[in-house]
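Here is the structure we will look at, set down as structure tokens.
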Amino acid sequence: MKTSKIRTFLASPRGARAGLTAAHFVYWSALAPITYLSLYFEGIGLTGSQLGSMTAVRSIISFVFSIALAFLSDVFRKHKRVLAVCVAGMIATLLIIPRFSAYLPLLGITSLYTLFLSPIPSILDESTLRAVENPRDFSRIRGGGSIGWGLSIFLVGAILGLPGVTNFAIFPMHIILLVVFLALIPLINLPELKNADGSAVEKPTLADLRALVRLPRFMLWIGLAALWGFTESSVMSFFYQHIASIGGPPYMMGLSLGMAILGEIITFFLAKRVQGKIGSRRMMVYAFVLRFFWFVMLATFKNPYLALPFQLLGGGSFSLVEAGSVAFVNERAPRKIGTTAQALRSAAILRLAIAFGAPINGWLYETRGSAYMYAAMAVVSVAALVLGLLLRRYDRRMEARNA
């Protein structure tokens, strides 16, 4: 009886939102331990250039397969099955990674892990947009993921700081949380698209994908957001090393990122109101303002404790570009290819851009140091801000001309 009531609740609009909030919470909690992977690899002897090239290869693989697998999930409407297979694949590869220490085998195994990981965020994002009556409510449900990420990253950092605990501990923690997410998948209500008469929406084709990328100025805005991902590669690969280089103890690394995640959570819960006032495109542009000040802080502050409050800016910039770009794609893309469109967005911002940024930042880190690297990313952020303002101005002219 209780199981029947739970399923009935999860099938309702309110239950669907609750289930997806829980899914975001558990999924992003599960990903938190793997953010320490670069420290684990550095501890077993991999160099900065190897870490950068590994990130680049994994990003290219993720770019290709996130779009391909999301497209297949749109075509076959098997979102739960795709989620379950991908999570099981992630668990299987995580059991293998610690058995190797040489660069090439690790490159191959982590690439396979990335392949399985690639479509999951887009499936969750598009399913969330389908579950809410107002697309602006997406950011609040997605904020559940940020809460999970923040709590998990803090706990993982605290555990790794305990006497006798090594970076190897990230693997069992990651696996346990993925198992929880895998068990949650059957309970999640992933709404399918329906026409007004209740019939299923026509399945997408490759022609729809080609039409998507040809939408006026669509790829220009995706390219602008991708510059955010270019700068993010410096954080993903070398943030912990930078905090350690300015004297931060192990627990400080988790605390620093925890503050950034707090900024992420706050901004996600404000995103609905912000989007209503400035729109999705300006949200992406203003993300670079926060990113500029954050990178200046990282490049100049030598005391990790003084730098701590400024970590809020880093998280806030992510929420702005994430909520803004998700909303922008949702506004422009045809509904029947929504998951693929979100995968293209995510792949460009967090995969392809990082594939280019990671080796460049790896070279800067190895030859000039982390402070110089973050100063360079501050310059990139200013350039992106200027480009965004010019693109928004051009957009307004074209919209006025076509009105």
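Yes or no, residue by residue, for (1) touching a helix residue (DSSP H, G or I) at 6+ places or on another chain (Cβ under 6 Å); (2) over 13 Å from residue 384 (Cβ atoms); (3) among the aliphatic types (A, V, I, L, M); (4) assigned to a helix (DSSP H, G or I):
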residue: 228; (1), (2), (3), (4): yes, no, no, yes
residue: 231; (1), (2), (3), (4): yes, no, no, yes
residue: 243; (1), (2), (3), (4): yes, yes, yes, yes
residue: 248; (1), (2), (3), (4): yes, yes, no, no
residue: 264; (1), (2), (3), (4): yes, yes, no, yes
residue: 280; (1), (2), (3), (4): yes, yes, no, yes
residue: 294; (1), (2), (3), (4): yes, yes, no, yes
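Report, by residue number, each residue of the range 68-101 that is buried (at least 18 other Cβ atoms within 10 Å of the Cβ) and more than 22 Å from residue 181 (Cα to Cα).
Of everything in the range 68-101, just one residue is buried (at least 18 other Cβ atoms within 10 Å of the Cβ) and more than 22 Å from residue 181 (Cα to Cα), namely 71.
Looking only at the range 280-296, decide whether some residue is among the hydrophobic types (A, V, I, L, M, F, W, C) and touching a Lys or Arg at 6+ places or on another chain (Cβ under 7 Å).
yes
Which residue is surrounded by the most Cβ atoms within 10 Å (Cβ to Cβ), if the candidates are limited to the range 260-278 and must be small (Gly, Ala, Ser) and closer than 20 Å to residue 141 by Cβ?
Only one residue tops the list, namely 271.
Which of the numbered conditions does residue 85 fail, given that it passes all the others? Conditions: (1) out of contact with any helix residue (DSSP H, G or I) (no Cβ under 6 Å at 6 or more places or on another chain); (2) over 27 Å from residue 338 (Cα atoms); (3) modelled with pLDDT of 90 or more.
The single condition residue 85 does not satisfy is (2).
What number goes with the only condition from (1) within 19 Å of residue 177 (Cβ to Cβ); (2) modelled with pLDDT of 90 or more that residue 104 does not pass?
With respect to (1) within 19 Å of residue 177 (Cβ to Cβ); (2) modelled with pLDDT of 90 or more, residue 104 is out only on (1).
All but one of (1) surrounded by fewer than 20 Cβ atoms within 10 Å (Cβ to Cβ); (2) closer than 18 Å to residue 213 by Cα hold for residue 351; which doesn't?
(1)
For a quick check of your reading: which helices (runs of 4 or more DSSP H) sit entirely within the range 327-403 and have at least 1 residues that are in contact with a Gly (Cβ under 8 Å, 6 or more places away or on another chain) and among the charged types (D, E, K, R)?
Here the list reads 353-367.
In the range 114-145, how many are modelled with pLDDT under 85, assigned to a helix (DSSP H, G or I), farther than 16 Å from residue 343 by Cβ and not basic (Lys, Arg)?
Here the count works out to 3.
Output the residues belonging to the range 88-103 that are in a helix (DSSP H, G or I), farther than 16 Å from residue 169 by Cβ and touching a helix residue (DSSP H, G or I) at 6+ places or on another chain (Cβ under 6 Å).
Residues satisfying the conditions are 89, 90, 91, 93, 96, 103.
Return only the number of the condition from (1) in contact (Cβ under 8 Å) with a residue 40 or more places away in the chain; (2) surrounded by fewer than 20 Cβ atoms within 10 Å (Cβ to Cβ); (3) out of contact with any Phe, Trp or Tyr (no Cβ under 9 Å at 6 or more places or on another chain) that residue 161 does not satisfy.
(3)
With respect to the numbered conditions (1) farther than 30 Å from residue 367 by Cα; (2) assigned to a helix (DSSP H, G or I); (3) in contact (Cβ under 8 Å) with a residue 24 or more places away in the chain, which one is the sole condition not fulfilled by residue 210?
(3)
Applying the selection to the range 217-226, what residues are part of a helix (DSSP H, G or I) and either free of Cβ contacts under 8 Å to residues at least 24 places away in the same chain or not small (Gly, Ala, Ser) (or both)?
218, 219, 220, 221, 222, 224
Say whether the condition of being under 21 Å from the mean Cα position of the chain (by Cα), within 26 Å of residue 51 (Cβ to Cβ), modelled with pLDDT under 90 and not hydroxyl-bearing (Ser, Thr, Tyr) is met by at least one residue in the range 332-346.
Within the range 332-346 (the criterion being under 21 Å from the mean Cα position of the chain (by Cα), within 26 Å of residue 51 (Cβ to Cβ), modelled with pLDDT under 90 and not hydroxyl-bearing (Ser, Thr, Tyr)), the answer is yes, since at least one residue qualifies.
Which condition breaks for residue 242 when tested against (1) over 18 Å from the mean Cα position of the chain (by Cα); (2) surrounded by 22 or more Cβ atoms within 10 Å (Cβ to Cβ); (3) closer than 16 Å to residue 318 by Cα?
For residue 242, the exception is condition (3).
For the range 131-144, name all the residues that are buried (at least 21 other Cβ atoms within 10 Å of the Cβ) and not β-branched (Val, Ile, Thr).
131, 138, 139, 142, 143, 144
The values are calculated or read from the model by the stated rules, or taken from the named source; none is laboratory data. Quick caveat: nothing in here was measured; it's all calculated off a predicted structure. Every residue, glycine as well, gets a Cβ built from its backbone with ideal geometry; the counts of neighbours run over all protein chains shown.
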